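Below is one structure, written out as structure tokens, with a few remarks after it.
The values are calculated or read from the model by the stated rules, or taken from the named source; none is laboratory data. What you see is a predicted model, and the numbers here were worked out from it, not measured in a lab. In this analysis, Cβ positions are derived from the backbone assuming ideal geometry, glycine residues included, and neighbour counts consider all displayed protein chains. Calculation scope for accessible area: heavy atoms of the full protein, side chains included, ligands and nucleic acids excluded. Shrake-Rupley method; radii C 1.70, N 1.55, O 1.52, S 1.80 Å.
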Amino acid sequence: MYTIKGNFKKTIFRNSSNGYMVGLLKVKEACKELESYQNKTITFIGILPDLNEIDTYIFQGRVVSHQKYGEQFEVQQFERILPTEKDGMLEILASDMFKGIGKKTAEKLVSLFHEKTFDVILHRPSDLLLVPGIKEKQVEILHETLTSYQGSYETILKLTNFGFSTRDAMKIYHYYKDDAKKVIDEDIYQIFYDISDISYQLIDHLALQKREEKNSVKRIRSAIIYIMRTLCTTYGHTYLEKEDISYYFYRVLNCTVEEEKVDRAFQTLKEDARIVIREDRYYLKEYYDAEIFIAKRLRFLAHEKQEELKKFDVTIKEIEKKNKIFYNKEQKQAIYDALSSKVMVITGGPGTGKTTIIKGIIDAYQALFKPKEESLALLAPTGRASKRMSEAAEFKASTIHRFLKWNKENDRFQINEYNKSKAEFVIIDEASMLDVLLLSNLLKGLSSNTKIIFVGDMDQLPSVGPGEVLKDMIESKELKVLSLNMIYRQKEGSKIVSLAHNIRKGIFDSHLLQESDDILFLPCSEMDIIKTIEKIGKKYNAFDLQVLAPMYKTKNGIDNINLHLQELWNGKEIFEKGISYGDVVYREHDKVIQLSNMPDSFVFNGDIGVIQKVKVANGKEIYIDFDDNLVKYSPAMFSKFSLAYAISIHKSQGSEFDTVLIPLSLDYRKMLYRKLIYTAVTRCKKHLIFVGNQKALEIAIQNNVEQKRKTSLAIYLKNGIL
């Protein structure tokens, strides 16, 4: 971390709910790496308490680059120093902070008390009456103002001394203000409930240090929420059964618990509206609310009367002539239903014409309704999926997060139930990737009458977050669903599409692997998989071949494949300069993948880019180009990307690649199942290469057993809210 020291000058932006602020600091001193900051006013960002020109601040942190606002100093730790020099104290006491004091009174105070002036104001305010001409009201202002300001810093200091990091301490202070100590004394677990990104293990450790009983109801309550959050986010459930939760009690609490205390803990959590219990289903409140809201909105739209489109046939003929395309009866009906219904699902495997229908819907909507530009929105869950949708449909598309104007600092959407979008018609592609919280937030940001079309393949991997939205919508039979079954790409000779549909049905056809121009199967031993991948790699460059694998670890895992392919395509002898991070040396021209959302830089989880520049001198920096969007990364941000010569099948969702290589190893056994291999195959457009053990492919195709998600959206869609 870098260190700078200076005086606070101005607040540019402040979020009162979480303490995030943007401000200006006049730098008096700086570490060697930031000598250029000396005597300059720089922009800083971070979660901080109320700052004031009273103090000199020492900031520790990193330099970050904002695409719009440029270079900023991100504060990760800070220290406050009260001024003791005469000029500094005079300037502060005469400032607007102390109303009614003025320059003359300030000079009298400092002349009498010198460097102890602030100490006297804080701890011996009655001594201030020794100053000739000072009034009791002025003494009161001086003492109360400085005490109030000092209080926030002392609270944060107490929290850090108690065991919280500076960042966590500031989050806690900004949530509770002066009640922070009271919360810790009465129920420290309240922090875990209220502030989601503070570690449960840390809170529990500190509670036990405060002599909390191991089997207290307070501790059991917090353990229930921790277990439920962990299981739901790990396995994608929106609800759990009581036994699911109870199974983990001993592992989390490290003690036996009485049934009576467990029941009492569940009951108080229910009374506090932290959980919802419906029959034998135990929900975290946010997941229950999300499923209920989605069900209510979609049922409302599903029961709206279908609109009659009087000029539809004429319009379709004009579109066919203009685009030199012919829609069959199934496609025309899909376009008509999409425009006349309030909500609809279009589902189908690869090559069934989903993209063709989307473009037809857009063209017909514009021709029939002559909408304003903001009336139509094309959305997808990921950046690559939205880009692919935009290119195919020839209409601007967006990620859902960007459409809803997600604020990463408070994890909230600016487009919401109180500030709705003007969109009247929304098409959502790759709907299999939607989780219940994201869809709920999207529906809140849309008018209750907005038309919605969901497009996706329910046989793809489900969302990363809780829920199985597309599957539940289809299985409820409550919404209009068009299932596309005719395979158009197969007519063009694509055996990849045929293979994908066979996999979906659980059929293993070895002939497709041996008689196809666009599929190549290279059998080899487990020990030779990496060598074979390298041999194939010599025929391609890094951006024309994408390796998709199920697992990161093992000898044939993603991490090891990446190191070998990097050496092949961008090794040390090709480009010597690099930056080490973990087991990887990143070099210019390396292919990398983004691992988390960075909306301020317009980079999202799953985006693939290339390292354009590596800066080693005067502070390490890596510059990554994501389709002409150049983003700077400092060392603290290196965990946000990794090599992408090989990526996980999960990360490939929403993307397509011309040539895909899939290694097949029995080492992947626990990840060999139908939906995963189907997703990998459907990411390929032109050439598919398998390397390894054919038995592994057979196992995956025949294995339709997967972790079934516990969701109830289908129930509420079908039966209403009981």
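Toward the positive end of the charge dipole of the stretch 1-65, about the Cα centre and with charges on Cβ (Lys, Arg +1; Asp, Glu -1), which of Met1, Phe13, Leu48 goes farthest?
Most positive-ward Cα: Phe13.
Go through the stretch 169-176 residue by residue and turn each phi into a ³J(HN,Hα) via Karplus (6.51, -1.76, 1.60, θ = phi - 60°); whole Hz please, and just put x for glycine and proline.
Karplus values, whole Hz, x for Gly and Pro: 4, 5, 4, 5, 4, 5, 7, 10.
Among Leu666, Gln653, Ser639, whose Cα lies farthest out toward the positive end of the dipole of the stretch 620-687, if unit charges sit on the beta carbon of Lys, Arg (+1) and Asp, Glu (-1)?
So the residue we want is Leu666.
If you take the C-alpha gyration tensor of the stretch 86-143, multiply each eigenvalue by 5 and take the square root, what semi-axes do you get, largest first, in whole Å?
Square roots of five times the eigenvalues give 14, 13, 11 Å.
Could you tell me the largest-minus-smallest coordinate of the C-alpha atoms of the stretch 618-663 on each of the three principal axes, in descending order and whole angstroms?
41, 22, 15
5 Å is the cut-off here: which amide hydrogens, built 1.01 Å from N in the peptide plane, fall below it relative to His687, excluding neighbours closer than 5 in sequence?
Those lying under 5 Å, H to H, from His687 are Thr659, Val660.
Taking Rh as the Kirkwood radius computed over C-alpha pairs, what is the Stokes-Einstein D of the stretch 563-708 at 25 °C in a medium of viscosity 0.890 mPa s, expressed in µm² per second?
Translational D for this selection: 145 µm²/s.
Anything over 32 Å Cα to Cα? Flag those among Lys405/Lys577; Lys372/Lys505; Lys116/Lys177; Lys359/Lys613, in the order listed.
Flagged as over cut-off: Lys405/Lys577; Lys372/Lys505; Lys359/Lys613.
Report, ordered by chain and residue number, the lysines lying within cross-link reach of Lys28, taken as a straight Cα distance under 21 Å and ignoring same-chain residues fewer than 8 apart.
Counting by Cα, and skipping residues close in sequence, Lys28 has these lysines nearby: Lys5, Lys9, Lys10, Lys40, Lys86.
Could you state the per residue volume, in Å³, of the convex hull enclosing the Cα atoms of the stretch 630-699?
122 Å³
Have a look at the stretch 1-146 and give its Rg and Dmax from the Cα atoms, expressed in angstrom.
Using the Cα atoms of the stretch 1-146, the pair Rg, Dmax is 17.4, 55 Å.
With every protein chain kept in the model, how would you rank Tyr336, Tyr365 by accessible area, 1.4 Å probe, largest at the top?
From most accessible down to least: Tyr336, Tyr365.
Taking Cα pairs under 8 Å and at least six residues apart, what relative contact order does the stretch 70-189 come out at, in percent?
19 percent
With all protein chains present, how much of the accessible area of the chain (probe radius 1.4 Å) comes from carbon and sulfur, to the nearest whole percent?
Whole-percent figure for carbon plus sulfur exposure: 48.
Given H placed 1.01 Å from N in the peptide plane, which residues other than close sequence neighbours of Ala397 have an amide H under 5 Å from its amide H?
Long-range HN contacts for Ala397: Ser390.
List the lysines whose Cα lies under 18 Å from the Cα of Lys539, skipping any in the same chain that are fewer than 8 positions away.
Excluding near neighbours in sequence, the set is Lys531, Lys591, Lys686.
About its Cα centre, what dipole magnitude does the stretch 151-289 give when the only charges are +1 on Lys and Arg Cβ and -1 on Asp and Glu Cβ, stated in debye to the nearest 20?
360 debye
For the stretch 268-414, what are Rg and Dmax over the alpha carbons, in angstrom?
Reported Rg and Dmax, both Å: 19.6, 66.
Which peptide among 103-116, 369-382 comes first, and what is the full order, when sorted by highest mean count of other Cβ atoms within 10 Å?
Packing order, densest peptide first, comes out as 369-382, 103-116.
Putting +1 on Lys and Arg Cβ atoms and -1 on Asp and Glu Cβ atoms, find which of Ser483, Met473, Val110 reaches farthest to the positive end of the dipole of the chain.
Ser483
For the stretch 504-556, compute Rh as the Kirkwood radius over C-alpha pairs and then the Stokes-Einstein diffusion coefficient at 37 °C and 0.692 mPa s; write the answer in µm²/s, rounded to an integer.
Approximately 244 µm²/s, per Stokes-Einstein.
Quick check: the distance between the Cα centres of the stretch 153-197 and the stretch 623-650, to the nearest angstrom?
Here the two parts' Cα centres lie 34 Å apart.
Running Debye on the stretch 158-289 with equal point scatterers at the Cα sites and no solvent, what base-10 log of I(q)/I(0) appears at q = 0.10, 0.18, 0.22 Å⁻¹?
Listed by q, the Debye log ratios stand at -0.32, -1.02, -1.38.
Principal axis lengths of the stretch 242-341 from Cα atoms, whole Å, largest first?
Taking the Cα atoms of the stretch 242-341, the three principal extents are 73, 27, 17 Å.
Can you tell me the relative contact order of the stretch 133-222? Whole percent, Cα pairs under 8 Å, sequence separation 6 or more.
Worked out over the stretch 133-222, it gives 20 percent.
Considering every Cα-Cα pair within the stretch 330-477, what fraction, in whole percent, is farther apart than 20 Å?
Taking all Cα-Cα pairs of the stretch 330-477, the fraction more than 20 Å apart is 45 percent.
Helix-derived [θ] at 222 nm for the chain: sum -39500 (n - 2.57) over DSSP H runs of at least 4, divide by residue count, nearest 500?
Rounded to the nearest 500, the figure is -12000 deg cm²/dmol.
Give me the dipole magnitude in Debye, nearest 20, for the chain about the Cα centre, with unit charges on the beta carbon: positive for Lys and Arg, negative for Asp and Glu.
That gives the chain a dipole magnitude of about 1240 debye.
How much of the calculated P(r) for the chain lies past 50 Å, in percent of all Cα pairs?
More than 50 Å apart: 26 percent of the Cα pairs in the chain.
Over what distance in Å are the Cα centres of the stretch 295-340 and the stretch 1-56 separated?
56 Å
Keeping all protein chains in place, calculate the accessible area per residue for the chain (probe 1.4 angstrom), answer in Å².
47 Å²
Given Cβ point charges of +1 (Lys, Arg) and -1 (Asp, Glu) and nothing else, what value in debye, to the nearest 20, does the dipole of the stretch 382-506 about its Cα centre take?
Dipole of the stretch 382-506, to the nearest 20 debye: 300 debye.
Report the Rg/Rh value for the stretch 390-549, based on alpha-carbon coordinates and the Kirkwood definition of Rh.
Value, to two decimals: 1.06.
Here are some pairs, Lys553/Lys710; Lys420/Lys675; Lys387/Lys632; Lys675/Lys718; which of them have Cα atoms lying more than 31 Å apart in this structure?
Lys420/Lys675
Determine the relative contact order of the chain: mean sequence separation of Cα pairs under 8 Å and six or more apart, normalised by residue count, in whole percent.
11 percent
Taking every alpha carbon pair in the stretch 588-651, what does the distance histogram look like in 5 angstrom bins from 0, in percent?
4, 18, 32, 26, 14, 5, 1, 0
How many angstrom separate the Cα center of the stretch 664-688 from the Cα center of the stretch 426-470?
Answer, in whole Å: 24.
What would the Debye equation give as log₁₀ I(q)/I(0) for the stretch 92-220 at q = 0.19 Å⁻¹, counting only Cα atoms as equal point scatterers?
Debye curve over Cα of the stretch 92-220, log10 I(q)/I(0) at q = 0.19 Å⁻¹: -0.93.
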